[in-house]
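Working notes, beginning with the structure itself.
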Amino acid sequence: MTDRQGKRGGAAKGWLLTIGVALLAVLLATHGAGALRAIVAEVGWQALLVVAAHLPVTFFATVGWQVLLPPDRRPSLPFLFRLRLIKEAVNALLPVAQVGGEVVRAKLAVRKGLTLAESTASCVVDVLAGTVGLVLFVLASLAVALVTLRDPRLAQAGLTLVGVVALIAGALFIAHKAGLGRRVGQLSQRWTAIAGRVGALGEAFRDIGARRAEIGASWAWHMAAWLAGAFETYVSMWALGLQPTLLQALIVEGLAQTAKVVGFAIPGALGVQEGGYLLLGGALGLTPDQALALSLLRRLREITLGAIGLVLWRTTRQEAPAPARDTLATGTA
């Protein structure tokens, strides 16, 4: 990447961050920042419970990553948990469009004797397993919403999602009939061969792919993490005095994760997450003030754990790395 391209990328991220901050400011101004401050102030010490309720989410996701690493050289769970906190902090607080944290944790994992290829491949597969879990979780939350709530907006969202899935399935069927699968497979083999010549990345992917049981376990742990996220939302709603049910928390968490996906390019999904809460908050029985307060309480948790994660990042970078098993395969951390 040239200096000019780097400057353009940085400028684009800066504009996206500005848009997110502006959108959040507009939402706060139009829905009463004073009322929101009063609601959040009532939470008091219970905000600590909201922060603590996120730790199981991070723990389950960490185990989902650990099972993908080489069985004979897996770093300890506490170390990987630390890296997961760092990854979440980078994605939540820095203008990196939700991907910078993956790069950071992949490089830091090398400090415990993994090669950069092994670390990178595990992070990529971990993200894919988490994404599959997220899709199923969002579908489950939408199904619950359609069954328990009678709101046309939810029905429209469900039909749209079904339509998108149908289009994808139809495209895959047509591609299969056209023999595109064989061509893609040949292209994939060529890229794998290139990756193998460049370094050990291709071999690392093949090693993970051969351990299907571990991939399935990773997906299961990520599903547990998404479900734990619903419990975190339940605690947040309880702290705001909303007297929620677990089904309501499941729906709200699915909505929040969908909004974060929509606002992927905006750092922290600033403004987009709040807009998502407002958009369907009425169908969930939340007033605009309550919907925004719930989102701001989530932001408070992100800032608190994010600050801890950034401190851990600094201390981890200062630690001496373990000797690399293969210098050529490891690369630069």
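The values are calculated or read from the model by the stated rules, or taken from the named source; none is laboratory data. Bear in mind the structure is a predicted one, so any value in this text is a computation, not a measurement. Virtual Cβ from ideal backbone geometry, glycine too; neighbours counted across all protein chains shown.
Structure notes:
- Qualifying residue in the stretch 137-146 (condition: hydrophobic (A, V, I, L, M, F, W, C) and within 19 Å of PHE79 (Cα to Cα)): no
- Output for the stretch 227-247, where each listed residue is under 18 Å from the mean Cα position of the chain (by Cα) and over 29 Å from ARG74 (Cβ atoms): THR233
- Residue in the stretch 96-118 that is more than 19 Å from the chain's Cα centre (by Cα) and among the hydroxyl-bearing types (Ser, Thr, Tyr) present: yes
- The residue that is farthest from the chain's Cα centre (by Cα), among those in the stretch 216-226 that are of a type in the set (A, V, I, L, M) and either outside any helix (DSSP H, G or I) or surrounded by 19 or more Cβ atoms within 10 Å (Cβ to Cβ) (or both), is MET223.
- VAL103 surrounded by fewer than 20 Cβ atoms within 10 Å (Cβ to Cβ), assigned to a helix (DSSP H, G or I), touching a His at 6+ places or on another chain (Cβ under 8 Å) and not acidic (Asp, Glu): no
- Count - residues of the stretch 154-168 that are modelled with pLDDT of 60 or more and in contact with a helix residue (DSSP H, G or I) (Cβ under 6 Å, 6 or more places away or on another chain): 1
- Flag for LEU134 being modelled with pLDDT under 80 and not polar (S, T, N, Q): no
- The selection criterion, being in a helix (DSSP H, G or I) and at pLDDT below 90, holds for VAL40.
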